[in-house]
Amino acid sequence: MQASITYRDQPYTFDPLQPLDISMPLHNRQPQPECFWAEPVAFDVIRVGDFVGSVAEGGSTNYKRVHLTPHGNGTHTECYGHISADENATIHNCLKRFLFVAQLITVTPQKQENGDEVVMLADVKAKLQGIKCEALVLRTLPNTDEKLTRHYSGTNPPYLEHTIGQYLAEKGIQHLLLDLPSVDRELDEGKLLCHHAFWQYPTNTRCGATITELIYVPGQVEDGLYLLNLQIASLQLDASPSKPVLYKLSPVFPTL
């Protein structure tokens, strides 16, 4: 089955029956990625009087409360409200489109003199030379299944050189997705330089731009151009658990 889109006057086809889910599933009290000292995800059975919200325990239906921290538990998408006091700066208010043309690239963080591992602007630029897209999906190496269960808190995980935020804003890329806990250093004295640069906050805020963190792109998925479906819960909050899904795009060239 083939569907088609046109982007910048170039037609592409994709197969809507071949989605590539790059989100991380959330489990009940099982090993999964956690960062910034968030409590583990928990699903709790609702109990009211004689009612038990668990079929396994004899209830008529499953009815549970979910405890999670969007920024600390698994794949999540955030808007500029993450660094703003504006109560209207919520992911529900900011993200109004959900389909974007995205470029997937793979880079290796570089070891710095202070021991930090940093994704460098020069490496990102080299991968995006001549490419026009609305979203960037950034996969880092090494890329192993360990990312699906890693506890990042207190480990100073890799992050982005803050000038990448400015570069992507200037390039018109609205949505940044990456497999790290944050675009900025775990402890950076609250500067959040890459966040500010990407959103151009507060002087020229890109209200519709988003950052999605803690994705996981399996190794067999090739770098290239994709259609991105960025799915969120309609929360009036700065961030939401999210489910980004990719569809491989194939250009269509005129026949002679």
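The values are calculated or read from the model by the stated rules, or taken from the named source; none is laboratory data. Computed from a prediction, not measured in an experiment: that's the story for all the values here. Here the Cβ positions follow ideal geometry from the backbone for every residue, glycine too, while neighbour counts run over all protein chains shown. Please note that ligands, DNA and RNA were not included when accessible areas were found on the heavy atoms of the full protein model with its side chains. Shrake-Rupley method; radii C 1.70, N 1.55, O 1.52, S 1.80 Å.
Out of Ala56, Ala85, I need the residue that is aliphatic (A, V, I, L, M), within 27 Å of Ile173 (Cβ to Cβ) and either exposed (fewer than 14 other Cβ atoms within 10 Å of the Cβ) or out of contact with any Lys or Arg (no Cβ under 8 Å at 6 or more places or on another chain) (or both). Which one?
Details: Ala56 fails: within 27 Å of Ile173 (Cβ to Cβ).
None of the others qualify; the one that does is Ala85.
For first residues located in region 1-28 and touching a residue at least 60 places away in the same chain (Cβ under 8 Å) and open to solvent by 40 Å² or more (accessible area, probe 1.4 Å), partners that are assigned to a strand (DSSP E or B) and among the charged types (D, E, K, R) and lie 6+ apart or on another chain with Cβ distances below 8 Å form the pairs Gln18/Lys248; Leu20/Lys248; Asp21/Lys243.
Considering region 153-164, and only residues there that are in contact with a strand residue (DSSP E or B) (Cβ under 8 Å, 6 or more places away or on another chain) and of a type outside the set (A, V, I, L, M), the residue that is surrounded by the fewest Cβ atoms within 10 Å (Cβ to Cβ) turns out to be Ser153.
Looking only at residues of region 133-147 that are more than 16 Å from Leu177 (Cα to Cα) and not acidic (Asp, Glu), we find that the one that is least open to solvent (accessible area, probe 1.4 Å) is Thr144.
Among the residues of region 198-256, those identified as in a loop (DSSP other than H, G, I, E, B), among the aliphatic types (A, V, I, L, M), touching a helix residue (DSSP H, G or I) at 6+ places or on another chain (Cβ under 7 Å) and within 26 Å of Gln32 (Cβ to Cβ) are Leu235, Leu237. Would you please name the residue that is surrounded by the most Cβ atoms within 10 Å (Cβ to Cβ), looking only at residues in region 89-106 that are in a strand (DSSP E or B) and in contact with a Gly (Cβ under 8 Å, 6 or more places away or on another chain)? Across region 89-106, the extreme among qualifying residues is Leu104. Contact annotation: residue pairs with Cβ atoms under 8 Å, 6 or more positions apart or on different chains, pairing a residue in region 185-205 that is within 16 Å of Gln174 (Cα to Cα) with a partner that is open to solvent by 60 Å² or more (accessible area, probe 1.4 Å) and not in a loop (DSSP other than H, G, I, E, B), are His195/His82; Ala197/Gln166; Phe198/Gln166.
Residue by residue, here is whether (1) over 13 Å from the mean Cα position of the chain (by Cα); (2) open to solvent by 30 Å² or more (accessible area, probe 1.4 Å) holds:
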position: Leu193; (1), (2): yes, yes
position: Phe198; (1), (2): yes, no
position: Ile211; (1), (2): no, no
position: Gly219; (1), (2): yes, yes
position: Leu228; (1), (2): no, no
position: Leu235; (1), (2): yes, yes
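Counting just the residues of region 26-45 that are more than 17 Å from the chain's Cα centre (by Cα) and closer than 14 Å to His151 by Cα, which one comes out modelled with the lowest pLDDT? By that ranking, first place goes to Arg29. The listed residues are Tyr80, Tyr63, Tyr7, Tyr12, and the only one of them that is aromatic (Phe, Trp, Tyr), within 20 Å of the chain's Cα centre (by Cα) and farther than 18 Å from Tyr216 by Cα turns out to be Tyr80. Out of everything in region 137-175 that is part of a loop (DSSP other than H, G, I, E, B) and of a type in the set (A, V, I, L, M), what residue ends up being farthest from the chain's Cα centre (by Cα)? Here the answer is Leu141. Checking each residue in region 29-53 for being in a loop (DSSP other than H, G, I, E, B) and open to solvent by 90 Å² or more (accessible area, probe 1.4 Å) picks out Arg29, Gln30, Pro31, Trp37, Glu39, Asp50.
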